[in-house]
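Here is the structure we will look at, set down as structure tokens.
The values are calculated or read from the model by the stated rules, or taken from the named source; none is laboratory data. On a predicted model such as this, the values are computed, not experimentally measured, just so you know. Positions of Cβ are backbone-derived with ideal geometry, glycine not excepted, and every protein chain shown enters the neighbour counts. Heavy atoms of the whole protein, side chains included, go into the accessibility calculation; ligands, DNA and RNA do not. Shrake-Rupley method; radii C 1.70, N 1.55, O 1.52, S 1.80 Å.
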Amino acid sequence: MTTNVSLSRKDKPLYLQIKNILKDRILYGTYSLGTNIPSEPQLEKEFAVSKITVRNAIQELAQEGYVEKGSGKGTKVIRNTSASKLSKWKRFTEILVDEGYQLQKQWLRAGVTHNEAETELYRLFGERCLSLQRVYSLDAVPYIHYTHYLSIAIDEVDLSDLNAAQSLYELLEEQEISLDKLRDEFAVALPPEEVGEILGIKKGTAVLKRSRYSYDVQGNLIEFSVGYYNTELQSYVVNYDV
């Protein structure tokens, strides 16, 4: 049974929103390499849009090299990895997809955080910052919990304005912010109680903690994020080409 996806009418053009959702499904394994994405009539029904809107979205995907349209044969996925100027290596999520897993994403919460003095968040952002929480599921089982803290001047973000497929970096692009450098730090730590419950982790169990600092071209900190990984479900993997 197909569930209709709600699009934001005040966001970027509808065909671009659909293109980003379809691309995300490709990158996260919902549509596997070599298989067809749903037909145009199916996509029209799912997104409640016109035929031309769907066709424009598919055309964008084809131009970016993710799909190929065949006469009478549907639209086939021909690439399922993204290109990034920040790294020549595959993202961890792309490695999981290559291994046959499916990843689903869900925004949990968005709002303004008031930071207490002498905390890391206060040092990084001052008294206030934007906070976004998201969970990643591996084959429908909660696997990663991320909280993103942003310095961008958005006082209110409603979850209805964020579709499930939208990436953090697409949100930054909408604010005309480009990232130039990332720094990741890894540690073993106990997750906050709320995070542990979401991930189904037994209380008192230490997990992989990943902290990321993201900077713009001027060297200003734009985003600080903290992620907790249920490594009992899947180890964190990095593949290097040498």
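Observations
- Heavy-atom surface analysis with a 1.4 Å probe gives segment 91-144 a carbon and sulfur content of 45 percent of its accessible area.
- For the set Lys23/Lys51; Lys19/Lys105; Lys12/Lys209, the pairs lying more than 23 angstrom apart at their alpha carbons are Lys12/Lys209.
- Residue-wise HN-Hα coupling along segment 94-103, computed from phi with Karplus coefficients 6.51, -1.76, 1.60 (Hz; x: Gly, Pro): 5, 5, 4, 5, 4, 8, x, 7, 10, 10
- If you plug the beta carbon distance of Ser50 and Glu193 into 1/(1 + (r/R0)^6) with R0 = 45 Å, you get a FRET efficiency near 0.45.
- Here the 3J(HN,Hα) profile of segment 187-199, calculated from phi with Karplus coefficients 6.51, -1.76 and 1.60 at θ = phi - 60°, is 8, 9, 8, 7, x, x, 4, 4, 5, x, 5, 5, 8 Hz, Gly and Pro shown as x.
- Extending 7 Å from the Cα toward the beta-carbon at both Tyr122 and Tyr236 defines two label points whose distance is 2.8 nm.
- Inverse of mean 1/r across different Cα pairs in segment 171-239, Kirkwood, Å: 13.8 Å
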